[in-house]
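Okay, structure first, notes after.
What follows draws every value from the coordinates through simple rules; no lab data is involved. Note that the coordinates shown come from a computational prediction; the quantities given were computed from them, not determined experimentally. Using ideal geometry, Cβ is built from the backbone for each residue, glycine included, and neighbour counts are taken over all protein chains shown.
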Amino acid sequence: MRVCFPVAEDNGMESEIFGHFGSAPVFLVVDLATSDVAAIQNANRIHDHGGCNPIAALGGERVDGVVVGGIGLGALQKLHAAGMRVYQAKEATVGGNVPLLKASTLPEFEPGQTCRGGHGHGHGHGSGCSH
């Protein structure tokens, strides 16, 4: 399983989960089977609210799932339509969330848990969104 984690900067497994999928500067893709880690620059970082194109953001990289601190409804729906599962981060770092994902203990995001409003509001890991 290949999983994408939105992060502010690439610090490997110590990278902190970014609060919002669409505006994360970097995505780390972790292969859970091999532990390989690859960084992808967010190709769709600058967009109007609600205009996130998560497939373009991933630069065509195919992943099976995404672990996020917060995500908008449109991006969630687009990821689901592409066959990706979206999980809610419970720990601050990529490395803290990987064992939880492997143990199937990270909850999946539901449409009612998504962010509303502009990108300027604060997000914490595992919070969905905080307003």
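Summary of values
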{"read-out": "In order through region 2-13: 3J(HN,Hα) via Karplus (6.51 cos²θ - 1.76 cosθ + 1.60), integer Hz, x for Gly, Pro", "value": "9, 10, 9, 10, x, 9, 6, 8, 7, 10, x, 5"}
{"read-out": "Derived scalar couplings ³J(HN,Hα) [region 57-63; Karplus, 6.51 cos²θ - 1.76 cosθ + 1.60; whole Hz; x for Gly, Pro]", "value": "4, 7, x, x, 5, 8, 10"}
{"read-out": "Amide H partners (placed H, <5 Å) of Glu61, local residues excluded", "value": "none"}
{"read-out": "Cleavage-rule hits (trypsin sites (Lys or Arg not before Pro)) in region 1-110: DSSP loop, at most 16 neighbouring Cβ within 10 angstrom", "value": "Arg45, Arg62"}
